[in-house]
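A.B. asks: Here it is: the structure, laid out below.
The values are calculated or read from the model by the stated rules, or taken from the named source; none is laboratory data. These numbers were taken from a predicted model, which means no experiment stands behind them. Quick reminder, even Gly has a Cβ in these numbers, built from the backbone with ideal geometry, and neighbours come from all protein chains shown.
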Amino acid sequence: MAGHTLLNQVRTKSEVVIVNNQPYTVVLSYNKVADMDGYVIGLKFADAEGSMDSATIKPTYAISVALAVAHRAVQMLKPDLANTIILGFYLLTDDLDARGPLAKKAKIRVYNNRAQEMHKALQHRLPHLARLETLGGVAWLFTEKIHTAYSQFNRLENELAKQIRTTLC
Amino acid sequence: MLIRLETKELVEFPDELGALVLADPREGDVPDFTPDLVNCLIHDALVPMFNPSFTHEQNIAQAIAHFTQIGPASAASLEKARALIADYNKNIAPDAVGYVDRNLMGYLYFSHNTDAAKPALVIDQPNGLLDALADLNAEFTLDEYTAPVPEHLLKRKRKPESGG
């Protein structure tokens, strides 16, 4: 949600996870929105790009990395979970289209699997998981109340002026 | 269909389970995924479901039940998915099962920056947004707009990127 105009970022939390000697970063950005109690948290997983020439690194058992990073994200979220009302992450898909529709579709499936796994760990506090697809992006929102119950979200949707296809997961 | 578990053990899973993963009815039509992408996707879906306390047979049955419960995939999707699994079986050597090259892995699993010039949010009705923001009293940035914005509402520009 970085760059979104309705959010006021108050802090970030960033941790490095080492899997098979390779570093990966999990970043949480904590945001406040006026008239909403609690945090709206954005989640980002980053590869340590540029830390090594990727051509010299052997292929990786990727699912281990994915599970370790998602697990770490859940652990990072837990201390503030009581004060969290919305957690989300998204993909912008315009550039993925340039790389080819297969890449976009594969990435959406991978992110969807991560969202489902994380939801199992967080649903006692954030019971609703919605997947929102629009032209140019896909977002996953874990929410305390159903996302359409928030007037701020409805305002965002109107301002976006694009059709959003919502799937409740 | 070979799957590599987190213990690095190679296990034979039924091809049909791989087809169920690829033909997931929640994802629409089955794209022409390459064997490399199939390698990634079947591990991504199936390895997390694998519980080391159960036998392989129990885990496989559990995974099949999971996908069956989601709902039926179309016959066309399943047929296509089976063909993709057959290609995976033919083209991915046992040593490569479960392994993804660094470039593809970084791409599929992690956030990355889009072109810095592209806005994350294009406002078609800037005056409408300004009114809404005045109500919210929120910090405000616009990457692209068509009407002049009052100076005091402009803050720093943020670089658009995927993530959260």
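A.B. asks: Looking at B:53, B:77, can you tell me which residue is of a type outside the set (Phe, Trp, Tyr) and part of a loop (DSSP other than H, G, I, E, B)? Walk me through it before giving the result.
C.D. replies: Working: B:77 fails: part of a loop (DSSP other than H, G, I, E, B).
So the residue among B:53, B:77 that is of a type outside the set (Phe, Trp, Tyr) and part of a loop (DSSP other than H, G, I, E, B) is B:53.
A.B. asks: Name the one entry in B:65, B:19 that is within 19 Å of the chain's Cα centre (by Cα) and more than 19 Å from residue B:109 (Cα to Cα).
C.D. replies: Result: B:19 is the single residue among B:65, B:19 that is within 19 Å of the chain's Cα centre (by Cα) and more than 19 Å from residue B:109 (Cα to Cα).
A.B. asks: Same structure, new question: Out of the residues in segment A:51-73 meeting the condition of being surrounded by fewer than 20 Cβ atoms within 10 Å (Cβ to Cβ) and part of a helix (DSSP H, G or I), tell me which one is modelled with the lowest pLDDT.
C.D. replies: A:54
A.B. asks: Of the conditions (1) free of Cβ contacts under 8 Å to residues at least 24 places away in the same chain; (2) of a type in the set (A, V, I, L, M); (3) away from chain A (no Cβ under 12 Å), residue B:86 satisfies every one except a single condition; which number is it?
C.D. replies: (1) is the only condition that residue B:86 fails.
A.B. asks: Would you confirm whether or not segment A:11-23 contains a residue that is over 15 Å from the mean Cα position of the chain (by Cα), within 9 Å of chain B (Cβ to nearest Cβ) and at pLDDT 85 or above? Even if it seems obvious, please write down each step before you answer.
C.D. replies: Residues of segment A:11-23 over 15 Å from the mean Cα position of the chain (by Cα): A:11, A:15-23.
After this cut, where a residue has to be within 9 Å of chain B (Cβ to nearest Cβ) as well, the list is A:22.
From the residues that got through so far, the ones that are at pLDDT 85 or above too are none.
No: zero hits.
A.B. asks: Using the structure shown, decide if residue A:86 is assigned to a strand (DSSP E or B), at pLDDT 85 or above, under 21 Å from residue A:112 (Cβ atoms) and more than 8 Å from chain B (Cβ to nearest Cβ).
C.D. replies: Numbers: assigned to a strand (DSSP E or B): yes; at pLDDT 85 or above: yes; under 21 Å from residue A:112 (Cβ atoms): yes; more than 8 Å from chain B (Cβ to nearest Cβ): yes.
Yes: the conditions hold for residue A:86.
A.B. asks: Within segment A:122-169, can you find the residues that are among the charged types (D, E, K, R) and more than 22 Å from residue B:25 (Cα to Cα)?
C.D. replies: Residues of segment A:122-169 that are among the charged types (D, E, K, R), as a first pass: A:125, A:131, A:133, A:144-145, A:155, A:157, A:159, A:162, A:165.
A:125, A:144, A:145, A:155, A:157, A:159, A:162 - these are the residues of segment A:122-169 that are among the charged types (D, E, K, R) and more than 22 Å from residue B:25 (Cα to Cα).
A.B. asks: Has segment B:38-48 got at least one residue that is more than 14 Å from chain A (Cβ to nearest Cβ) and within 12 Å of residue B:85 (Cβ to Cβ)? Before the answer, list the steps.
C.D. replies: Here is the first cut: in segment B:38-48, the residues more than 14 Å from chain A (Cβ to nearest Cβ) are none.
No, the conditions are met nowhere in segment B:38-48.
A.B. asks: Every residue in segment B:104-114 that is modelled with pLDDT under 50 and within 7 Å of chain A (Cβ to nearest Cβ), please.
C.D. replies: Restricting attention to segment B:104-114, the residues satisfying the condition of being modelled with pLDDT under 50 are B:113-114.
The answer is B:114, and nothing else.
A.B. asks: Select, from A:126, A:135, A:91, A:77, the only residue that is modelled with pLDDT under 90 and more than 8 Å from chain B (Cβ to nearest Cβ). Spell out how you get there, then give the answer.
C.D. replies: On the way: A:126 fails: modelled with pLDDT under 90; A:91 fails: more than 8 Å from chain B (Cβ to nearest Cβ); A:77 fails: modelled with pLDDT under 90.
Being modelled with pLDDT under 90 and more than 8 Å from chain B (Cβ to nearest Cβ) holds for just one of A:126, A:135, A:91, A:77, which is A:135.
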